[in-house]
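Structure, as structure tokens:
The values are calculated or read from the model by the stated rules, or taken from the named source; none is laboratory data. This is a predicted model, so every value here is computed, not measured. Note: ideal-geometry Cβ built from the backbone for every residue, glycine included; neighbour counts use all protein chains shown. Note: areas computed on protein heavy atoms with side chains; ligands, DNA, RNA excluded. Shrake-Rupley method; radii C 1.70, N 1.55, O 1.52, S 1.80 Å.
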Amino acid sequence: METEVLTPINIDDSRKIIHVDMDAFYASIEMRDNPKFKTQPLVVAHDPRLTGGHGVVTTANYIARQFGVHSAMPAMKALELCPEAIFKDPDFTKYRAVSEQIHQIFHEYTDKIEPVAFDEAYLDVSEDKKGLGDAVLIAHEIQKVIFNETQLTCSTGISYNKFLAKMASEYSKPVGVAIIEKDDVAEFLKNIPIERFRGVGKKTVPKMHELGVFQGADLIKMSENDLIHYFGKFGYTLFRWVRGQDDRPVEYLRERKSIGKEETYGKLLTTEMEVEERLRVIAKNLLRAVLKRQKHGKTIVLKLRYGDFETLTKRITLDEFFQNDVETYYFYAKQILDEIADISRGIRLLGITLTNLTDQNFQEVSLPLFKHSE
Amino acid sequence: MKFTIARNTFIKKLNAVQRAISSKTTIPILTGLKIEAEEDRLILTGSNTDISIETTISTNDEEAHLNIESTGAVVLTARFFGDIVKKLPDNTMLLEVKDGFQTTITSGASEFKINGLDANNFPHLPEVDSQTTITLKADVFSEMINETVIAVSNQESRPILTGIHFTIEGNKLSAVATDSHRLSQRVINLPEPIKMPEDIIIPGKSLLELSRMLDDEIDTITLQISENQALFTFDETLFYSRLLEGLYPDTSRLIPKESSTEMEFEAPELLASIERASLLSHAGRNNVVKLTINAANKQAIISGDSPEVGNVEEEVVTKDIVGEDLEISFNPDYLKDALRSFGHTSIKMAFTSALRPFTLVPTEDQENFIQLITPVRTF
């Protein structure tokens, strides 16, 4: 089949990008801190036998993975696959702290760091702070330093763009380093199953298979027109990715997308009065965080978790920015709460998040309509 | 119940009542339209928790060709029923309610049978037994609503600000609305003075619906007020609105008495400039424009800077500028709404300082109509 190019492919291979992906991050931390987990299948998730079957797997160690357990799988399913698995409640405070420690290490090499999650980041080392000049050397050093300081392993992928760097780190997992250069792209992607391409998810896979696209070699045969016809903007992107073009920068200055505050209660909240009181406190803490960062937002999200771990979130978006004051946050959070919550079920967690944020470099002056309020 | 009626008259009345009917309501029967046939008239009623509308068609109405064969009442799902009536083939329609509220609608060769509901379960409309009846010119009142409703707040966090505050004393009726970033106030003279002063807050949304019903054919409307309802009556229609409870803030103290810079211009001229400037401010992240006044050169410049898209600058055509130089930033949408409310007229804009509210009044009538806008503080 002949491919018809609508827009030219321009490959810029001048950048040096490393994708660092921690190996089974949460599970590895738990095994490090509790060595007896090392020899057993470990699943980091709330135990479905205690939550009434709710919850999903955040990570599983490599032993549990041999049973077919993987992240994002319902915890109940993991239990079926591996009845002897140990379920460990996730401790995000701890994981965040380790993640910060690892970021400190990245900063010794470059400040162009784009965090994707606690356990994953892109580094642009086109210019590195230590003047090493060689991405492979930097990747090896980072792996070594991370291991020395945290006893955790990671996989790194190196290439000239983000898509390929991520592909390479997945290929090198665990504890590996892989590099993809411009001339290797076609050969490397040829045998990669289509579902391994970033962004090709549950919905896209069957459509791809129907079109006869099972791996990279099939994808590269698709015309740009067809890809755009079937997959829209993502088709345009895929057409470039499979040819080794991805110009997305490492977004190290990326704006914070949201600011949120939440609280967990050991003793469940069961009365409207308790809930209102806590909601007001959260609104107050949120306001402090928002003001500190000089932001304002157009969306308020309420998060609520019941005693049985069922978690609900709902949002309200306005055309104008929410006024940054406790009353406004509280009012809208309460409005959502009244709509979705059944307080009698017992509430374990409450959170308010302000999102759709913009720097507050302007502020509308308010008329002093209500005394004490402004 | 059984009657025949001219479909076009019926549709006109149906459209009016449907303004009060919402398909999203917590009370299922309120998604319905109540039809009541009496000896000599047909009554259509629709209601939601905020407004209720009742309208009457008399057998004396020649255009309606109303012929009531038997009396009775039924409630029919409004949207559904409305769609049917609008698509019937003939100009005459016959409606008959049989046992179990099954309703037959016949027109030309078409016959629909739909399920109705017991009209006894339809809520009773509020009783308004007021001593005072205020008579208003329909066109003037409609204008008053449209001039002030723009400043009503959409944010439910301050419910009272979602309404227009009316005060009536002697023969003066004043309306004020504010969302705390702008304020709009209009005063009109009543044809007849009233004895007891009144002070009410009516939801802006109710008034907007009301103003849409006030067409050129309606000359006067009357207003009666009870403890928690306002009742507007015109032609054969009753329009009820819930009143908002609470004390409206004292807004008179917010209107500046003095100014240090004044600018005069034709409303459409400035409106066009602002509309151009806001093209960029809307595309950017910050919806702000700046007005720079150079009094000595009698020059006013509107500018907008949206780093992501670009910037704009233009000199405004003004009739006069007096006072001190000034640089002030504001939300252009507020000024657009205010200018539109004036129509084709000459406006005087008065400022005190960059962070104080500024006002707009028609040059011809500086007492009875004022729009106030608060500026934006830029960092």
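Here are the numbers for this structure:
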| read-out | value |
| --- | --- |
| Within-12-Å neighbourhood charge of B:N171 [Cβ basis; K, R +1; D, E -1] | 0 |
| Hull-based mean projected area of segment A:258-359, where the convex hull spans the alpha carbons, in square nanometres | 5.7 nm² |
| Unit charges on C-beta of K, R, D, E only; dipole of segment B:133-242, Debye | 500 debye |
| Relative contact order (%) - criterion: Cα under 8 Å, at least six apart; region: chain B | 13 percent |
| Candidates per trypsin sites (Lys or Arg not before Pro) in segment B:101-207, loop by DSSP, up to 11 other Cβ within 10 Å | B:K195 |
| Distance violations [Cα-Cα > 28 Å] among A:K166/A:K261; A:K298/B:K336; A:K233/A:K334; A:K36/A:K77 | A:K166/A:K261; A:K233/A:K334 |
| Total accessible surface hidden between B and A, rounded to 100 Å², 1.4 Å probe | 2400 Å² |
| Contact order normalised by residue count of segment A:135-273, Cα under 8 Å, 6+ apart, percent | 17 percent |
| Protection-proxy order for peptides A:312-325, B:229-242, each taking the mean of Cβ atoms within 10 Å per residue, highest first | B:229-242, A:312-325 |
| Net +/- balance of residues flanking A:L312 in space, Cβ distance below 15 Å, scoring K and R +1, D and E -1 | +1 |
| Positive-end residue, the protein assembly as shown charge dipole about Cα centroid, Cβ charges, pick of B:I105, A:P48, B:Q18 | A:P48 |
| Of A:F87, A:H70, A:T39, farthest towards positive along the dipole that unit charges on Lys, Arg, Asp, Glu beta carbons give segment A:26-90 | A:T39 |
| Test item: A:351-364 mean partner chain Cβ contacts at 10 Å | 3 |
| Mean accessible surface per residue for the protein assembly as shown, computed with a 1.4 Å probe while every protein chain stays in place, in Å² | 49 Å² |
| Sum of -39500 (n - 2.57) over DSSP H runs of 4+, divided by residues of chain A (222 nm, nearest 500) | -11000 deg cm²/dmol |
| Computed magnitude of the charge dipole of chain A (debye, nearest 20; Cβ of K, R +1, Cβ of D, E -1) | 700 debye |
| Of the GluC sites (Glu not before Pro) in segment B:21-105, those whose Cβ has at most 15 other Cβ within 10 Å and which sit in DSSP loop | B:E38, B:E39 |
| Highest-first arrangement of B:339-349, A:266-276, where packing means the average Cβ count within 10 Å | B:339-349, A:266-276 |
| Residue order for B:T251, B:T135 - accessible surface, 1.4 angstrom probe, largest first | B:T135, B:T251 |
| Kyte-Doolittle at least -0.5, axis length at least 20 Å by Cα - qualifying DSSP helices, chain B | B:267-283 |
| Which listed pairs, of A:K295/B:K257; A:K88/A:K207; A:K203/A:K257; A:K129/A:K257; A:K202/A:K295; A:K94/A:K303, have C-alpha distances above 31 Å, in listed order | A:K295/B:K257; A:K88/A:K207; A:K202/A:K295 |
| Candidate residues A:L152, B:L117, A:L50: accessible-area rank, largest first, probe 1.4 Å | A:L50, B:L117, A:L152 |
| Of all accessible heavy-atom area on segment B:133-242, the percent that carbon and sulfur account for (1.4 Å) | 44 percent |
| Residue-averaged [θ]222 nm for chain B, counting only DSSP H segments that reach four residues, each worth -39500 (n - 2.57) | -6000 deg cm²/dmol |
| Chain A: relative contact order as a whole-number percent, Cα under 8 Å and 6+ apart | 16 percent |
| Quotient of C-alpha Rg and 2.2 N^0.38 Å, computed over the protein assembly as shown | 1.24 |
